Every structure is written in C-alpha cells, then in structure tokens.
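First up is the structure itself, then whatever we jot down about it.
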Amino acid sequence: RPLANGAYLVEVTLRGNGQDSVITETVTVLSSSGHRGAGIGLNPNPVTGNGPVEIRFPAATLGGTAKVYTVSGELVRRLEFVGDSVSWDLKDQRGSLVSGGLYLVLTQSAFVGGERGGSCERLVVLR
C-alpha cells in the first residue's frame, strides 16, 4: 500500500565480518504513485576498469540525486541529475578512482506529475 505523505527516516544496516554499518537518510513523501519503488538500472554491473557506469531511471523521471556509498556506510559520491540518467566516472568526491568492491547506489527522484520516489541498488566494481 502507498505511504502516507510526510517525512520518513530510512535506515539501512549492513552486517559483515563482525561489524555493523548504518546508512541513514531522511525521505519526504509528497505523493505516492505507481512510480513508488521503481528500480534503477546500472550498466554495466559489474563494472571493470575505469568505468563509467550509467545509472538509468524510469522514463517519467525528471531528475534527482544519486548517492554512492561503500558497504561500511561512507558517502563516496553525490550526483545531481536532470532527466532519466546520470553517468558515474567511478571517482569519489575528491576525484580519485574508487577501489574494487561492493557499493550501494541510493537515489531520490522526481517524476512527471510531482510524485517522488527512491531506490537502492548494489554495484560491483572489479579492479
């Protein structure tokens, strides 16, 4: 069932090797719609070499934010986009290439008609 309008605190807990990492984001639902929970596409996935990775959104997407995190919860890169795709060059906020490993891509998108939605996908970087 659709979420009621309002602010929600979303927490993702990652457990591994005896350690827990928590990613916390505040998500505001303005209007629930059929776009809610619509997934994103990562191409290629896994990615080898120096990338880039194309992050594709549903066709009715107007723009938004994609945040890339390590599995330990560290923000690697924040990408603002307009339209239904954005390219990540596999570099962190300082411009250095990221290491090989598993990354989480969390997105917040605006859709035609004023609806908003979010998604989380896994990305594997091979070096």
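Inspect the stretch 94-111 for any residue being without any contact (Cβ under 8 Å) to a residue 12 or more places away in the chain, surrounded by fewer than 18 Cβ atoms within 10 Å (Cβ to Cβ) and farther than 18 Å from Pro52 by Cβ and give the result as yes or no.
No: zero hits.
So, in the stretch 112-127, of the ones that are open to solvent by less than 70 Å² (accessible area, probe 1.4 Å), under 13 Å from the mean Cα position of the chain (by Cα) and not polar (S, T, N, Q), which residue ends up nearest to Val76 (Cα to Cα)?
Leu123
May I ask you to verify whether Thr28 is under 27 Å from Gly6 (Cβ atoms) and modelled with pLDDT of 85 or more?
Answer is no for this residue.
Could you check, for the stretch 59-78, whether at least one of its residues is part of a strand (DSSP E or B), without any contact (Cβ under 8 Å) to a residue 24 or more places away in the chain, surrounded by fewer than 16 Cβ atoms within 10 Å (Cβ to Cβ) and not charged (D, E, K, R)?
yes
How about the stretch 79-93: which of its residues are touching a residue at least 40 places away in the same chain (Cβ under 8 Å) and open to solvent by 30 Å² or more (accessible area, probe 1.4 Å)?
Matches in the stretch 79-93: none.
The values are calculated or read from the model by the stated rules, or taken from the named source; none is laboratory data. Model, not experiment: these values are computed from the prediction. Note: ideal-geometry Cβ built from the backbone for every residue, glycine included; neighbour counts use all protein chains shown. Ligands, DNA and RNA are excluded from the accessible area calculation, which covers all protein heavy atoms including side chains. Shrake-Rupley method; radii C 1.70, N 1.55, O 1.52, S 1.80 Å.
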